[in-house]
Structures are given as C-alpha cells and as structure tokens.
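Take a look at the structure below.
The values are calculated or read from the model by the stated rules, or taken from the named source; none is laboratory data. Quantities reported herein were computed from a predicted structural model and do not represent experimental measurements. Neighbour counts are summed over all protein chains in view; Cβ atoms, including those assigned to glycine, are modelled from backbone coordinates with ideal geometry.
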Amino acid sequence: MKAGISMNWSSVTITPIGGGTALTITDATDVAINEQSANQVFRGGANQWPKLIRTGEKSATVRISMPNAEAVMKDLDPDKKYTIVAILDDAINGAGEGAITFDMAPATLSTRSTSGQNNRFASPSLSFDLGGRSNDATPIEITVEGAGP
Amino acid sequence: MPTFLGSPAIFGVWSELQTQPRPHRTQSIAFPGVNGRIASPLGTDGGQTVARTMLYGDNIAELNEAEAVLISLAANGPNNVGMLVDDQGRSWPGVYVASATPIEDVTRLGAGYSRLWQIAFEHLV
C-alpha cells in the first residue's frame with residue numbers, strides 16, 4: 001500500500017475545555033478539516049495582476065462524519081468550547097510512526113446532522129468552527145508521530 | 001509611486017488616487033429680454049484628490065509611526081501646502097491634506113500589520 005493513499009482515522013476525541021466527559025468516536029468515516037484565508041485583493045496602477053493580496057482574516061472548520069448516529073446525539077453543548085484530537089493513521093504503521101495527530105481548539109459546535117437516506121450507508125456528522133488560540137495562533141496543531149531530529 | 005511633499009511615506013504599501021479638477025470659476029451674466037446667459041471666465045478653482053492608502057508596519061509600533069505621519073499632516077492641514085505627484089506622474093502644486101480617515105480596523109498583512117486610510121487632498125490651484 002502506498003503511504004498516505006488512504007485516510008484512516010483511528011480515533012477522534014472531543015473533549016470539553018474546562019472539564020467534562022469526552023466523546024470518543026472510533027469509527028469516523030471522514031474528518032474534513034478546512035482552513036481558509038479570506039484574501040483581499042488590491043489592484044490599481046493599470047496593472048492587470050493584483051499588486052497586493054492580504055490574507056488578513058482566517059477561518060477553519062472541521063466536520064466529522066461517522067456511521068453511528070448515536071454519537072451525534074450525545075450531549076455536546078453548542079455553548080461550550082471543545083478540543084478535538086483526530087489521529088490519521090500511517091498507511092503502514094497504523095497509529096505508530098508516521099501517524100498524524102490533528103489537535104484542534106477551541107472548537108464550537110455549529111451543525112449536528114443526522115442526515116442519512118433510508119437503508120443506505122449512514123452519514124451523520126458533527127461540524128465545528130475553530131477559533132484562534134491565545135496569542136492569535138492557529139487552532140490546528142499538527143504533529144507527526146516519530147518525526148523529529 | 002505617488003509622493004506628497006517629496007515623500008512616498010503616506011502612500012504606504014498600496015495606494016490608489018483619483019484627482020478631480022473643479023470646474024473653471026465663472027461669472028454668469030444675464031441680460032434683460034435676452035435668452036441665455038454669458039459665462040465670464042474668472043480662473044481655475046483647484047480640485048480635490050481622494051486617495052486610499054494602506055499603511056504598514058512590521059509591528060504595531062511601526063504602524064503607529066507610519067500613521068502618526070499622516071495624522072500630523074491632516075492636523076496641520078493648510079500649514080503644509082506642497083506638491084502632490086500622482087501615480088500617473090502628474091505634479092499638482094498647492095495641495096494640502098484636508099482630512100485623513102481610517103476606514104478599517106488594523107489587519108494583519110503577512111507577518112506585519114496594516115490599515116487602510118482614506119485621504120482627502122485639497123488643491124488650492
């Protein structure tokens with residue numbers, strides 16, 4: 001198997017910041033992490049191409065899909081902030097060397113969907129908006145197992 | 001690159017400006033019993049340039065310094081009359097900063113900080 005060709009999420013843990021019971025999803029079918037910059041394009045001076053592009057405002061979302069609707073209906077509070085840790089297994093070593101951990105916080109629940117067609121594969125999902133950490137740092141911290149000097 | 005009083009400082013890292021000369025001043029004279037009027041030319045009447053500029057600093061202190069230059073020019077107004085060279089290379093003498101207005105909150109630009117300002121220049125000639 002070619003490394004990285006499959007997206008195997010071994011676990012996703014959603015933990016309330018400030019205390020509370022964590023929700024662990026072991027059968028996630030999709031963890032869609034999207035990071036966006038709301039680029040502002042500045043033109044002028046008869047230039048055909050932009051003179052300056054400003055990536056001032058950033059946003060990030062994560063949507064976790066799973067076959068089991070029960071997890072979606074758990075007690076996630078839209079008024080709470082959560083830390084989400086999702087582990088993407090290495091294609092060969094599993095959760096060992098090469099596995100990638102996405103640590104995302106603070107996450108605020110935006111959509112809790114139990115969408116799924118009758119008698120088809122279920123596709124309930126949880127969607128979160130990610131805020132900035134203290135000191136304006138990215139809410140998505142990525143570490144690779146076994147990586148280092 | 002536009003300049004004002006010989007310096008490009010207040011035009012920051014990006015700018016756009018439009019100059020609009022005012023119409024020629026005239027004296028309009030009407031005559032009893034005659035249709036229409038005579039327009040007697042009195043001379044030019046200056047104009048106005050409106051600029052949007054993005055000031056930048058590697059840190060907040062440097063942005064504050066860049067903004068202080070513009071704020072000072074706006075505060076002094078007609079005490080600082082001089083030459084404005086626009087982005088087409090045209091020179092406009094007798095110009096001063098009539099007002100300078102921040103039009104957004106401080107916004108990150110790369111590793112630094114930026115803010116858009118709108119500047120109104122008054123042309124005396």
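Within the range B:92-113, is even one residue charged (D, E, K, R), farther than 19 Å from A:Gly56 by Cβ and in contact with a strand residue (DSSP E or B) (Cβ under 9 Å, 6 or more places away or on another chain)? If you could, list the steps in order and put the result at the bottom.
Step one: of the range B:92-113, the residues charged (D, E, K, R) are B:104-105, B:108.
Now restrict to residues that are farther than 19 Å from A:Gly56 by Cβ: none.
Checked the range B:92-113: no residue is charged (D, E, K, R), farther than 19 Å from A:Gly56 by Cβ and in contact with a strand residue (DSSP E or B) (Cβ under 9 Å, 6 or more places away or on another chain).
Here's a check for you: in the range A:31-48, which residue that is within 13 Å of chain B (Cβ to nearest Cβ) and under 27 Å from the mean Cα position of the chain (by Cα) is surrounded by the fewest Cβ atoms within 10 Å (Cβ to Cβ)?
Residue satisfying both the conditions and the ranking: A:Ala38.
Need the failing condition index for B:Thr53 against (1) more than 23 Å from A:Arg54 (Cα to Cα); (2) within 14 Å of another protein chain (Cβ to nearest Cβ); (3) in contact with a Ser or Thr (Cβ under 6 Å, 6 or more places away or on another chain); (4) not aliphatic (A, V, I, L, M), just the number.
Single failed check for B:Thr53: (1).
Please enumerate the residues belonging to the range A:39-48 that are in contact with a strand residue (DSSP E or B) (Cβ under 6 Å, 6 or more places away or on another chain) and at pLDDT below 90. Let's see the steps before the verdict.
If we filter the range A:39-48 for residues that are in contact with a strand residue (DSSP E or B) (Cβ under 6 Å, 6 or more places away or on another chain), which is where we start, we get A:39-42, A:44.
A:Gly44 - this is the single residue of the range A:39-48 that is in contact with a strand residue (DSSP E or B) (Cβ under 6 Å, 6 or more places away or on another chain) and at pLDDT below 90.
Any residue in the range A:26-42 that is over 30 Å from A:Ser10 (Cα atoms) sitting within a Cβ distance under 6 Å of a residue that is outside any strand (DSSP E or B)? List the pairs, counting only those 6 or more apart or interchain.
From residues that are over 30 Å from A:Ser10 (Cα atoms), the pairs are A:Val41/A:Pro50; A:Phe42/A:Lys51.
So the check is Cβ under 9 Å with 6+ separation or different chains; which pairs have a first residue in the range B:4-27 that's away from chain A (no Cβ under 11 Å) and charged (D, E, K, R) and a second one that's part of a strand (DSSP E or B) and surrounded by 11 or more Cβ atoms within 10 Å (Cβ to Cβ)?
Every condition considered, the pairs that remain are B:Arg22/B:Gly47; B:Arg22/B:Gln48; B:Arg22/B:His123.
Working only within the range A:111-140, note down all residues that are over 17 Å from A:Ile25 (Cα atoms) and out of contact with any Pro (no Cβ under 8 Å at 6 or more places or on another chain).
Listed by number, the residues that qualify are A:Gln117, A:Asn118, A:Asn119, A:Arg120, A:Asp129, A:Ser134, A:Asn135, A:Asp136, A:Ala137, A:Thr138, A:Ile140.
Mind checking which residues of the range B:95-109 are surrounded by 14 or more Cβ atoms within 10 Å (Cβ to Cβ) and free of Cβ contacts under 8 Å to residues at least 12 places away in the same chain? Write out each step before concluding.
Here is the first cut: in the range B:95-109, the ones surrounded by 14 or more Cβ atoms within 10 Å (Cβ to Cβ) are B:95-98, B:100, B:102, B:106-109.
Once the filter is applied, which keeps residues that are surrounded by 14 or more Cβ atoms within 10 Å (Cβ to Cβ) and free of Cβ contacts under 8 Å to residues at least 12 places away in the same chain, the range B:95-109 yields B:Thr107, B:Arg108.
What pairs can you find where one residue is in the range B:75-94 and on the phi < 0 side of the Ramachandran plot, the other is surrounded by 12 or more Cβ atoms within 10 Å (Cβ to Cβ) and of a type in the set (S, T, N, Q), and their Cβ atoms are less than 6 Å apart, with a gap of 6+ or different chains?
Taking only residues 6 or more apart or on different chains, the pairs are B:Val85/B:Thr3; B:Asp86/B:Thr19.
Which one is surrounded by the fewest Cβ atoms within 10 Å (Cβ to Cβ), of the residues in the range A:49-77 that are modelled with pLDDT of 90 or more, within 18 Å of the chain's Cα centre (by Cα) and more than 13 Å from chain B (Cβ to nearest Cβ)?
Applying the first criterion (modelled with pLDDT of 90 or more) to the range A:49-77 yields A:49-54, A:58-65.
Those still in the list that are within 18 Å of the chain's Cα centre (by Cα) too: A:58-65.
After this cut, where a residue has to be more than 13 Å from chain B (Cβ to nearest Cβ) as well, the list is A:59-65.
Values: A:Ser59: 14, A:Ala60: 18, A:Thr61: 17, A:Val62: 23, A:Arg63: 16, A:Ile64: 23, A:Ser65: 20.
Ranking the candidates gives A:Ser59 first.
For the range B:70-117, give me the residue count where each residue is closer than 16 Å to B:Pro2 by Cβ, within 14 Å of chain A (Cβ to nearest Cβ) and not β-branched (Val, Ile, Thr).
7
Table: residues versus (1) in contact (Cβ under 8 Å) with a residue 12 or more places away in the chain; (2) among the hydroxyl-bearing types (Ser, Thr, Tyr); (3) in a loop (DSSP other than H, G, I, E, B).
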| site | (1), (2), (3) |
| --- | --- |
| A:Gly18 | yes, no, yes |
| A:Gly44 | no, no, yes |
| A:Pro50 | no, no, yes |
| A:Arg54 | yes, no, no |
| A:Glu70 | no, no, no |
| A:Lys74 | yes, no, yes |
| A:Pro78 | yes, no, yes |
| A:Asp103 | yes, no, no |
